[in-house]
Amino acid sequence: MADTASESSTCKSAKRKKYDTEFNQEWSKDYPIQRVCGNKNAFFCVPFQKTISCSHQGKLDVERHCSNSTHTKNAKVIKESRKISSMFSSPSSSTNEAVTKARIVAYEFYCTS
């Protein structure tokens, strides 16, 4: 009877599937995720700033993670936040021209002195 139990558990472990679902770039169109370099079985969640495995159920792993209330809250905060680059204005072309002219004048002054 002990042999039957050990055979039964051996058969069950032999029947277990090894999941190896790879990240699909198409998922990035629907979710705020990116490919992870060097790990084809994971995705990088942008709002969480975290690498998460998708090897078991693939897109369902992504959907389950993205429907999480904490993920939804983080995604909302990121969407509503202003990017730091938007806080600085780029110099206008007239400013660039004025700087260029000033550099030319300074160069000419130093060269003639």
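The values are calculated or read from the model by the stated rules, or taken from the named source; none is laboratory data. All values derive from a computational prediction rather than experimental measurement. Please note: Cβ atoms are built from the backbone with ideal geometry, for glycine as well, and neighbour counts cover all protein chains shown.
Counting only residues that are surrounded by fewer than 10 Cβ atoms within 10 Å (Cβ to Cβ), polar (S, T, N, Q) and assigned to a helix (DSSP H, G or I), which one in region 77-99 is modelled with the highest pLDDT? Once the filter is applied, the top-ranked residue is 94.
Quick grid of which residues meet (1) among the hydrophobic types (A, V, I, L, M, F, W, C); (2) in contact with a helix residue (DSSP H, G or I) (Cβ under 9 Å, 6 or more places away or on another chain); (3) in contact (Cβ under 8 Å) with a residue 40 or more places away in the chain; (4) not in a loop (DSSP other than H, G, I, E, B):
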{"site": "52", "(1), (2), (3), (4)": "yes, yes, no, yes"}
{"site": "65", "(1), (2), (3), (4)": "no, yes, no, yes"}
{"site": "72", "(1), (2), (3), (4)": "no, yes, no, yes"}
{"site": "75", "(1), (2), (3), (4)": "yes, yes, yes, yes"}
